[in-house]
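To start, the structure under review is shown below, and the notes come after it.
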2 protein chains.
Amino acid sequence: MKWVRFVAAGEVDPHFGSLDDSCSEICEIDGDFFGAHTPSGRTFPLSGVKLLAPFIAPTFYAAGANYPNHFRTAAEKAGKPLVFPAQIDIGYRAVNALVGPDDPIVVPQDSSGKLQFEGELVVVIGKRAKHLTEANALECVFGYTIGNDVSERSWQAADRTFWRAKNSDTFKPMGPWIETDVKLDELVTRVRLNGSEVSRFPTNSMIFGVAKTLATMTRYLTLVPGDIVWMGTDDPTLDMVPGDTVEVEITGLGVLRNPVIAG
Amino acid sequence: MKWVRFVAAGEVDPHFGSLDDSCSEICEIDGDFFGAHTPSGRTFPLSGVKLLAPFIAPTFYAAGANYPNHFRTAAEKAGKPLVFPAQIDIGYRAVNALVGPDDPIVVPQDSSGKLQFEGELVVVIGKRAKHLTEANALECVFGYTIGNDVSERSWQAADRTFWRAKNSDTFKPMGPWIETDVKLDELVTRVRLNGSEVSRFPTNSMIFGVAKTLATMTRYLTLVPGDIVWMGTDDPTLDMVPGDTVEVEITGLGVLRNPVIAG
């Protein structure tokens with residue numbers, strides 16, 4: 001099942017809806033897909049609405065570096081031996097930075113221009129959960145979508161935190177929809193810059209998989225419906241400049257496409 | 001004006017309300033204090049309700065180290081010269097960790113026990129804001145409350161991020177109310193452990209003040225109503241163990257009191 005958040009043509013308020021398997025028509029719902037909802041009776045062609053980031057998360061978690069090649073590249077750059085981390089250390093991103101499909105990624109005026117994409121699987125939590133085990137962790141997952149963890153590398157290197165490097169407005173495109181029927185091992189992530197494929201990797205080839213990550217997090221944290229966990233990306237990435245278009249595609253989850261513009 | 005969120009005796013759902021100047025009676029409102037609201041007609045004695053964290057923030061920002069003595073202590077411990085940072089680097093906390101006045105701070109079972117308090121001024125945003133200047137930044141502030149940035153020092157030192165060190169459930173007590181009429185220069189922060197004062201400092205003696213911080217943040221980030229910015233603490237702090245009670249008091253903002261219990 002595919003779920004979207006959208007604004008219909010000529011309207012202002014966002015609504016939730018389901019998207020049919022052929023990705024052509026949205027059936028609007030009253031309520032939201034995490035809780036009680038009923039069909040509103042209105043339907044819209046997908047081509048006639050503006051899709052938004054599927055929802056605004058209560059807490060926005062990010063796994064950070066979580067793929068083998070990402071560590072290999074970092075180790076090579078630093079001239080250090082390759083060592084994978086012993087445990088996942090979750091980070092945070094900010095909801096102000098969320099935008100939807102086709103929304104522009106705006107390069108801040110004082111950016112060095114060293115802006116890069118990171119195509120990521122996004123886990124969407126559907127149930128309140130604490131003390132999950134690896135065996136039952138996936139039961140709290142509502143579905144999956146795509147995220148682009150846009151990063152300004154100069155600020156990432158210079159600042160004590162990632163606040164502006166990763167959380168400036170528009171730096172977190174998410175969408176186009178949430179898919180609830182997903183087989184993680186069958187997913188492939190493809191990232192394209194201006195139509196040319198930059199990277200392709202098995203989405204589930206993470207160092208810390210989804211179940212392991214959620215089990216670790218919920219030893220200490222309570223997850224709630226709508227929380228999102230971005231699972232990291234694999235290398236390589238490239239610089240983006242105004243005029244570019246970046247696309248992240250994951251099998252069955254659609255294509256998250258965003259243009260880059262100057263601020 | 002003082003605003004609270006509370007659960008009335010025998011009820012389950014939280015409500016918002018205003019608290020009179022003598023801090024004895026709550027006038028419930030329909031709606032919330034950030035948006036349109038009207039009196040519901042119900043009033044409650046403060047002593048008869050359970051106060052909650054005043055609200056759940058869309059984004060939970062934290063200034064981190066922002067007082068001179070905090071840097072002096074860190075420099076002495078590290079045997080390094082005292083250098084203040086050139087700019088504020090905002091961090092993030094997680095709303096799962098928010099609890100209200102009198103709620104217990106729960107020490108996780110696998111904690112080293114090295115749990116410490118940090119009494120902080122919390123800025124509550126009332127208006128959507130971007131590109132603020134230092135001159136107009138305070139216009140977006142709705143009011144102020146108190147936070148206790150509970151930190152597990154072993155995890156803070158060992159982990160790549162502060163995820164469990166600062167964001168485990170119950171690690172972010174906030175309240176007891178939001179005060180909208182505040183003169184920052186008149187505030188004094190007092191922190192007590194089991195009734196004994198541990199620290200006392202002028203709340204506004206920050207390296208980066210509220211206006212400067214908000215102006216810096218909004219060069220890159222859009223603030224929205226309900227966002228909170230925790231402004232850091234001054235040293236010293238102490239270890240807390242189950243059975244302890246920690247209190248953070250700021251002039252006019254009340255006392256945020258929380259017991260510590262074993263998980």
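Please treat every number below as a calculation from the coordinates, not as lab data. None of the values given here were measured: they were computed from a predicted structure. A quick note on method: Cβ atoms are made from the backbone with ideal geometry, for glycine too, and the neighbour counts reach across all protein chains shown.
Computed from phi, the 3J(HN,Hα) profile of segment B:221-238 under the Karplus parametrisation 6.51, -1.76, 1.60 (θ = phi - 60°) reads 10, 8, 7, 10, x, x, 4, 10, 10, 8, 9, x, 9, 10, 6, x, 10, 9 Hz, with x in place of Gly and Pro.
About its Cα centre, segment B:2-51 has a charge dipole of approximately 120 debye under the convention of +1 per Lys or Arg Cβ and -1 per Asp or Glu Cβ, with nothing else charged. Calculated on the Cα set of segment A:1-150, radius of gyration then Dmax: 18.9, 60 Å. Start at zero, step by 10 Å, and the Cα-Cα distances of segment B:137-177 spread as 27, 35, 26, 12 percent across the bins.
Partners of A:Lys80 within straight-line reach, counting lysines whose Cα lies under 18 Å from its Cα and excluding those fewer than 8 residues away in the same chain: none found.
Roughly how large, in nm² to one decimal, is the mean projection of the convex hull of the alpha-carbon atoms in the protein assembly as shown?
Directional mean of the projected Cα hull area for the protein assembly as shown stands at 25.3 nm².
Centre-to-centre separation between the Cα atoms of segment A:31-54 and those of segment B:139-213: 40 Å. Other protein chain C-beta atoms within 10 Å of residue C-beta, averaged over B:59-66: 3.
Result for chain A in a Gaussian network model with C-alpha springs under 10 Å: among A:Lys77, A:Lys50, A:Lys127, the largest mean-square fluctuation is at A:Lys77. For B:Met240, B:Met1, the sequence from fewest to most other C-beta atoms within 10 Å is B:Met1, B:Met240. Under a point-charge model restricted to the Cβ atoms of Lys and Arg (+1) and Asp and Glu (-1), what is the dipole moment magnitude of segment B:60-262 relative to its Cα centre, in debye to the nearest 20? For segment B:60-262, the charge dipole is close to 600 debye. When +1 charges are put on Lys and Arg Cβ atoms and -1 charges on Asp and Glu Cβ atoms, the dipole computed for the protein assembly as shown relative to its Cα centre reaches about 1200 debye.
Applying the Karplus relation 6.51 cos²θ - 1.76 cosθ + 1.60 with θ = phi - 60° to segment B:204-215 yields 3J(HN,Hα) values of 8, 7, 7, 5, 10, x, 4, 5, 4, 5, 5, 5 Hz, where x marks Gly and Pro. Label-to-label distances for A:Arg153 across copies, nearest first, come out at 3.8 nm, using points 7 Å from Cα in the beta-carbon direction. Of the chymotrypsin sites (Phe, Trp or Tyr not before Pro) found in segment A:87-153, none is in coil by DSSP with at most 13 other Cβ atoms within 10 Å of its Cβ. In this structure, the pairs whose alpha-carbon distance is over 19 Å, taken from A:Lys166/B:Lys130; A:Lys2/A:Lys183; A:Lys114/A:Lys172; B:Lys2/B:Lys130; B:Lys2/B:Lys50, are B:Lys2/B:Lys130.
Projecting 7 Å from Cα along the Cα-to-Cβ direction, the label point of B:Arg219 sits 3.9 nm from its equivalents in the other copies, listed shortest first. For B:Ser199, nonlocal amide neighbours, meaning residues 5 or more places apart or on other chains whose placed amide H falls under 5 Å from its own, are B:Val191.
Couplings 3J(HN,Hα) for segment A:151-158, derived from phi with the Karplus relation 6.51 cos²θ - 1.76 cosθ + 1.60 (θ = phi - 60°), are 9, 9, 5, 5, 5, 4, 7, 8 Hz, where x marks Gly and Pro. Taking chain A as a Gaussian network of alpha-carbon nodes connected by springs under 10 Å, the highest mean-square fluctuation of the residues A:Leu214, A:Leu138, A:Leu253 belongs to A:Leu138. Cα-based radius of gyration for segment B:102-212, normalised by 2.2 N^0.38 Å, reads 1.22. Per-residue ellipticity at 222 nm computed for chain A from its helices equals -3000 deg cm²/dmol, with DSSP H segments shorter than 4 residues left out and the rest contributing -39,500 (n - 2.57). Amide H contacts of B:Val188: B:Thr203, B:Thr251, each under 5 Å away and 5 or more positions distant or on a separate chain (H built 1.01 Å from N in the peptide plane; Pro and chain starts excluded).
For the protein assembly as shown, the residue among B:Leu115, A:Thr43, A:Leu82 whose Cα projects farthest onto the positive side of the dipole built from Cβ charges is A:Leu82. Scaled against the 2.2 N^0.38 Å expected of a compact globular protein of N residues, the Cα radius of gyration of segment A:60-262 reads 0.97. Between copies, the label points at A:Arg72 (set 7 angstrom from Cα along Cα-to-Cβ) are spaced 5.1 nm, reported in nanometres from shortest to longest. With the convex hull drawn over the C-alpha atoms of segment B:2-51, the volume per residue is 66 Å³.
Spin-label model, B:Ile261/B:Arg160: points 7 Å from Cα along the beta carbon direction are separated by 3.5 nm. Among B:Val229, B:Val182, B:Val95, the largest mean-square fluctuation in a Gaussian network model of chain B, built with springs joining Cα atoms closer than 10 Å, belongs to B:Val182.
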